[in-house]
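S.K.: I have a structure here, written as structure tokens, and I will follow up with some questions on it.
The values are calculated or read from the model by the stated rules, or taken from the named source; none is laboratory data. Quick caveat: nothing in here was measured; it's all calculated off a predicted structure. So basically every Cβ, Gly included, is an ideal-geometry build from the backbone, and we count neighbours across all protein chains shown.
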Amino acid sequence: MNLKTSDTIFNSERVLYSTELHYHNFNHVVDTLNYAKDIIKKCDDKNIEYDKKIICHAILFHDVAYDVDSSKKGFKNKESYSAFLAAKVLSEQGEHIDHIEEVIKAILCTNIDAKSHSNNQKIVRAADLSGLVSPYPEFKKKTVDLYKERVFLLGKKISWTQYKTETFKIIEKFLELRIELDIEMFSYANYMFHNRVFQNLDKLTKDTIE
């Protein structure tokens with residue numbers, strides 16, 4: 001499985017990611033693409049169908065312009081603004097409207113309150129959240145990066161303890177909506193994802209930022 005797109009589309013979305021952000025930068029996109037590749041390999045083993053081009057484009061654009069206040073642009077949330085920018089670029093590059101609409105749906109499903117219906121949407125949401133179940137040192141680094149980014153975007157200092165409290169609530173909200181894919185980590189019968197996340201959160205509760 002090779003998640004690729006044209007150089008023009010790749011370059012068009014890459015410049016929309018801020019280099020000043022600690023987490024929601026292009027490195028996050030690369031990580032998410034790699035998580036998607038692992039998930040897709042497991043889907044292949046189970047003969048689960050998906051569209052690699054939709055998944056690739058959705059992941060490439062899912063957090064573009066994260067540093068922009070989307071509400072001031074007239075959008076409900078950051079995902080809606082990302083979907084709008086994705087549609088604009090993909091349309092300019094001649095992608096079919098049906099493809100663009102599916103990419104939009106997959107991007108919108110990364111919102112905290114969104115349900116993922118199609119396999120493409122489930123894979124994109126699962127890939128975006130897979131950092132939550134990474135080995136604890138990696139999980140902690142990502143969390144610290146998110147903390148630094150939060151301080152940067154707010155323009156003021158907040159305590160590490162306060163940030164952890166807020167983060168736990170956000171993660172618990174994400175976990176309310178299960179991603180039901182018939183692969184080991186996400187299968188309904190053996191939902192390992194929640195357990196792995198809570199293991200990391202339990203360690204983080206006792207940890208300092210150093």
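S.K.: Taking the residues in the range 156-210 that are over 19 Å from the mean Cα position of the chain (by Cα) and of a type in the set (Asp, Glu) as candidates, determine which candidate is farthest from residue 40 (Cα to Cα).
M.R.: 210
S.K.: Go through the range 161-176 and report how many residues are of a type outside the set (D, E, K, R) and surrounded by 15 or more Cβ atoms within 10 Å (Cβ to Cβ). Let's see the steps before the verdict.
M.R.: Our first condition is that a residue be of a type outside the set (D, E, K, R); within the range 161-176, this holds for 161-163, 165, 167-168, 170-171, 174-175.
Keeping just the survivors that are surrounded by 15 or more Cβ atoms within 10 Å (Cβ to Cβ) gives 163, 167, 171, 174-175.
Here the count works out to 5.
S.K.: Next question, about the same structure. Out of (1) out of contact with any Cys (no Cβ under 9 Å at 6 or more places or on another chain); (2) at pLDDT below 95, what's the single condition that is false for residue 137?
M.R.: (2)
Quick grid of which residues meet (1) more than 15 Å from the chain's Cα centre (by Cα); (2) in contact (Cβ under 8 Å) with a residue 12 or more places away in the chain; (3) closer than 26 Å to residue 12 by Cβ:
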position	(1), (2), (3)
80	no, yes, yes
83	no, yes, yes
88	yes, no, yes
94	yes, no, yes
101	yes, no, yes
120	no, yes, yes
132	no, yes, no
141	yes, no, no
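S.K.: When the range 12-38 is examined, which residues are found to be of a type in the set (D, E, K, R) and part of a loop (DSSP other than H, G, I, E, B)?
M.R.: Looking only at the range 12-38, we keep the residues that are of a type in the set (D, E, K, R), and these are 13-14, 20, 31, 37-38.
Matches in the range 12-38: 20 only.
S.K.: Regarding the range 43-52, can at least one residue be identified that is surrounded by fewer than 16 Cβ atoms within 10 Å (Cβ to Cβ), within 16 Å of the chain's Cα centre (by Cα) and not hydrophobic (A, V, I, L, M, F, W, C)?
M.R.: Initial filter on the range 43-52 (surrounded by fewer than 16 Cβ atoms within 10 Å (Cβ to Cβ)): 44-47, 49.
Next cut, within 16 Å of the chain's Cα centre (by Cα) only: none.
No - not one qualifying residue is present in the range 43-52.
S.K.: I'd like to know if the range 145-165 contains one or more residues that are in contact (Cβ under 8 Å) with a residue 24 or more places away in the chain and acidic (Asp, Glu). Steps first, answer last, please.
M.R.: At the first step, the residues of the range 145-165 found to be in contact (Cβ under 8 Å) with a residue 24 or more places away in the chain are 145-149, 152-153, 160, 164.
Narrowing the set further to residues that are acidic (Asp, Glu) leaves 145, 149.
Checking the range 145-165: at least one residue is in contact (Cβ under 8 Å) with a residue 24 or more places away in the chain and acidic (Asp, Glu).
S.K.: Name the residues in the range 167-200 that are more than 20 Å from residue 117 (Cβ to Cβ) and of a type in the set (D, E, K, R), would you?
M.R.: 169, 172, 184, 196
S.K.: Output the number of the condition that residue 143 fails; it satisfies all remaining conditions of (1) modelled with pLDDT of 95 or more; (2) more than 22 Å from residue 35 (Cα to Cα).
M.R.: Failing condition for residue 143: (2).
S.K.: Counting only residues that are in contact with a helix residue (DSSP H, G or I) (Cβ under 6 Å, 6 or more places away or on another chain) and at pLDDT 95 or above, which one in the range 115-125 is farthest from residue 42 (Cα to Cα)? First the steps, then the outcome.
M.R.: The first filter runs over the range 115-125 and keeps only residues in contact with a helix residue (DSSP H, G or I) (Cβ under 6 Å, 6 or more places away or on another chain), leaving 116, 120-121, 123-124.
Next, only the ones that are at pLDDT 95 or above stay: 120-121, 123-124.
Working: 120: 14, 121: 16, 123: 11, 124: 14 Å.
Looking at residues that are in contact with a helix residue (DSSP H, G or I) (Cβ under 6 Å, 6 or more places away or on another chain) and at pLDDT 95 or above, I get 121.
S.K.: Select from the range 39-70 the residues that are in contact with a helix residue (DSSP H, G or I) (Cβ under 9 Å, 6 or more places away or on another chain), free of Cβ contacts under 8 Å to residues at least 60 places away in the same chain and assigned to a helix (DSSP H, G or I) and list them in ascending order.
M.R.: If the condition is that a residue be in contact with a helix residue (DSSP H, G or I) (Cβ under 9 Å, 6 or more places away or on another chain), free of Cβ contacts under 8 Å to residues at least 60 places away in the same chain and assigned to a helix (DSSP H, G or I), then 52, 53, 56, 57, 60, 61, 70 are the ones that fit.
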